[in-house]
1. In the range 160-174, which residues are surrounded by fewer than 19 Cβ atoms within 10 Å (Cβ to Cβ) and of a type in the set (Lys, Arg)?
2. Mind checking which residues of the range 392-419 are closer than 18 Å to Gly44 by Cβ and in a strand (DSSP E or B)?
3. Checking Asn360 against (1) out of contact with any Gly (no Cβ under 7 Å at 6 or more places or on another chain); (2) assigned to a strand (DSSP E or B), which test does it fail?
4. Based on this model, can you work out whether Asp150 counts as within 21 Å of the chain's Cα centre (by Cα) and not polar (S, T, N, Q)?
5. Before we move on, is Asp125 farther than 26 Å from Pro310 by Cα, buried (at least 19 other Cβ atoms within 10 Å of the Cβ) and among the acidic types (Asp, Glu)?
6. If Arg386 satisfies all but one of (1) assigned to a strand (DSSP E or B); (2) under 25 Å from Lys416 (Cα atoms), what's the number of the condition it fails?
Amino acid sequence: MKKFTLFLFIICLFILPSNAIIFAEESEDYIGGFDETPKPFRIGDRSFEVGINAGFSVSNDFLSFDKIFQEKLVINLDDLRKGFKINFGMDATPFYLKFSPAHKKWGFGLFIGVDAVGAIDLHGDMLSFNKTSKSESDLGAAVFALAGIDTFFHIQKFKVKVNPTVFYPVAYIKRDAFSYKYINSDEGTQLAIGYDFRLYTGFARSELSSLIPDEFNLTASPGVDISLGVEFPLAKELGISKLLPFLDFDVGLDFKSIPIVSSTVRDYARYTGTIGIDEPIDLTGGNFDLDNFFSTSDSVGKGEEKAYRPFKMVIWANWRPFGSEFLTLTPIVGFAISPQYNVQPESLELGIKARLSLANLLILTVGICQEDRVWKNNADLALNFRAFEFNIGVNLQSSDFLKSWGSGIGLNAGLKFGW
């Protein structure tokens with residue numbers, strides 16, 4: 001009981017000073033007087049904050065949780081005809097800071113972080129041994145170290161966001177990694193699965209076995225991209241929200257990771273191999289040699305590969321059906337271009353999110369969105385005491401919408417401090 005009382009007392013120390021400041025800030029009118037009308041309680045926004053956050057995710061479109069955790073694993077081989085996709089991602093921001101004056105007309109921030117994304121997309125022909133002259137599977141991945149500036153300012157009624165970022169490629173894969181051929185002819189059967197891809201790194205390696213060499217020499221060139229965004233209170237400026245308060249909405253357009261200067265990676269490890277023989281097999285003629293059925297070759301080398309971060313363009317709206325921040329619905333639609341994936345670099349970005357804010361103290365965000373080629377059903381919770389804020393989130397995900405409710409998982413968490 002004493003611990004619980006102490007916990008409530010500490011919370012009051014954070015909340016009550018914030019409440020007094022909020023009343024003073026929100027009751028002050030444009031001529032410097034004060035409106036004595038009581039205002040709803042709300043935790044004030046921080047003018048300055050520092051924080052950290054991190055998250056990871058992994059998913060597939062074949063095995064769901066209910067199959068994995070059964071006593072006996074049952075696999076429907078017919079599902080392999082559709083292919084098999086694995087997606088994974090990771091991001092971490094060990095440090096960021098933001099500053100925005102009380103009037104919120106402009107803001108400035110700095111951040112450093114790490115961002116990783118990747119996918120393996122195996123074609124159904126290869127997994128089910130269908131007859132085909134050629135099919136390709138895809139393997140793509142990238143790990144970038146980041147440092148950037150996060151700013152916003154207003155031009156008339158438009159809020160403009162500018163985010164230049166310097167990125168360094170730590171690891172980068174951009175190859176059509178797997179090919180498959182299965183043909184029956186009068187001359188014999190051709191059956192071969194081959195792979196050929198290069199794992200580029202931002203540092204030199206003299207031997208394939210040395211993932212991190214003794215002498216850590218950075219050999220890649222960093223790149224620069226910029227993210228731009230604009231927001232506009234459309235309903236307010238058209239007078240719609242004044243006549244119909246439930247139609248209070250803003251609109252926005254974001255361009256993320258517009259390439260300015262490409263980064264270049266120069267050191268790679270090349271992995272090649274073949275399972276099968278890429279020529280007709282004639283068992284009676286004696287041209288089949290089991291030693292040649294499996295062949296592999298690994299090496300290190302030098303070359304040049306341009307590396308970019310995925311580009312996105314997203315259109316969105318923030319609709320407040322109650323005319324306040326209590327509930328905000330955000331539909332989004334757009335597209336992404338990811339150079340890591342050769343077979344299909346383009347993908348859609350779409351979905352809807354709902355944000356429920358109780359006095360800016362308890363904030364719950366749920367959504368169903370397709371982001372980075374994956375359907376994500378997310379729930380994020382934030383507890384904001386102004387002096388500090390704790391965020392935690394979880395999502396179920398998969399590249400297949402129907403399987404996104406139990407074929408993958410993502411977790412994220414963050415802390416913010418300031419005033």
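The values are calculated or read from the model by the stated rules, or taken from the named source; none is laboratory data. Source: prediction; values computed, not measured. Glycine also receives a Cβ, built like all others from the backbone with ideal geometry; neighbour counts cover every protein chain displayed.
1. Lys161
2. Lys416, Phe417, Gly418
3. (2) is the only condition that Asn360 fails.
4. It is true that Asp150 is within 21 Å of the chain's Cα centre (by Cα) and not polar (S, T, N, Q).
5. Taking the combined requirement at face value, the residue satisfies it.
6. It is condition (1) that Arg386 fails.
Here is a yes/no grid of residues against (1) at pLDDT 90 or above; (2) over 30 Å from Ala235 (Cβ atoms); (3) in the same structural domain as Leu218 (by TED's automatic domain parsing); (4) in a loop (DSSP other than H, G, I, E, B):
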{"site": "Tyr271", "(1), (2), (3), (4)": "no, yes, yes, no"}
{"site": "Ile277", "(1), (2), (3), (4)": "no, yes, yes, no"}
{"site": "Gly285", "(1), (2), (3), (4)": "no, yes, yes, yes"}
{"site": "Ser297", "(1), (2), (3), (4)": "no, yes, yes, no"}
{"site": "Lys306", "(1), (2), (3), (4)": "yes, yes, yes, no"}
{"site": "Arg309", "(1), (2), (3), (4)": "yes, yes, yes, yes"}
{"site": "Met313", "(1), (2), (3), (4)": "yes, no, yes, no"}
{"site": "Thr328", "(1), (2), (3), (4)": "yes, no, yes, no"}
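Here is a yes/no grid of residues against (1) on the phi > 0 side of the Ramachandran plot; (2) outside any strand (DSSP E or B); (3) in contact (Cβ under 8 Å) with a residue 40 or more places away in the chain:
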| site | (1), (2), (3) |
| --- | --- |
| Ile86 | no, no, no |
| Thr93 | no, no, yes |
| Pro101 | no, yes, yes |
| Ser133 | no, no, yes |
| Ala147 | no, no, no |
| Thr151 | no, no, yes |
| Asn163 | no, no, yes |
